[in-house]
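The structure appears below as structure tokens.
What follows draws every value from the coordinates through simple rules; no lab data is involved. Note that the coordinates shown come from a computational prediction; the quantities given were computed from them, not determined experimentally. Cβ placement follows ideal geometry from the backbone for every residue including glycine, while neighbour counts extend to all protein chains displayed.
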């Protein structure tokens, strides 16, 4: 996958000034009072996470789209440049997630010999969006990804989107309510998951959910591959785990470590005569990623799952089709 890092110098805040005053009112943009803390429930060991998967969903952000297109803002702006301007301006105010080197917006184009082309964009803080339209060119795919990322960046910069005491209470209440009547959830695991969710939110007060996304994705991945349960069984405290992983980036080393664990799971399943663990997980991750991309949702978690599983598949010999 081709990755491009955009580090253009900050330009006049044409889009920021055009959009921010008139189009960042949360009550208009959200049609169903979501705090962007939809819950991911993993059945094997219940844990709750703010999936943030509906920030860009059509039903949630359509009014914002309508306003912007009606006023002719997006149609007259280079969205790729504008997205970079937004994060450069945020970093210059001391509110960005990037370091002193400036805000980085990273584009990844999926190799393809013919359209439709697909592109992903990762923002400072870890949130990731993809091209949600049928794109005939690679440039159009990049613009499509930048467009949805820009809308979410502006929308989530509103003060109502900051992680605050009120935000945390509402998010935790929604997470707890999502388990009501679920007979498959073990009460102890559920309570532990909600407590971990609250702890991570409280440790990140003052940030937006977009800036919180990478840490959230790390814990989603650790839960997905069983690492969180293993750490709990070793009596590791939430404070220790969160402190350790808050200081670690979701980088190639972490991906390789998780891929090795999945490769070992595949070898074990083959030895037990129940191979196909990787194939099933990869197919599921691909479906989740495609669905999130086409719905214009935040998709860092399914994308990372897919990438880790592809790496794991290269570590084990291919299994014959049954």
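Numbers for the structure displayed
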read-out: Protection proxy ranking of 301-308, 144-151 - average other beta-carbon atoms within 10 Å, highest first; value: 144-151, 301-308
read-out: Point-to-point label distance, residue 271-residue 255, nm (Cα→Cβ direction, 7 Å offset); value: 2.8 nm
read-out: Alpha carbon convex hull of segment 195-322, volume per residue in cubic angstrom; value: 121 Å³
read-out: Highest-first arrangement of 116-123, 265-272, 253-260, where packing means the average Cβ count within 10 Å; value: 116-123, 253-260, 265-272
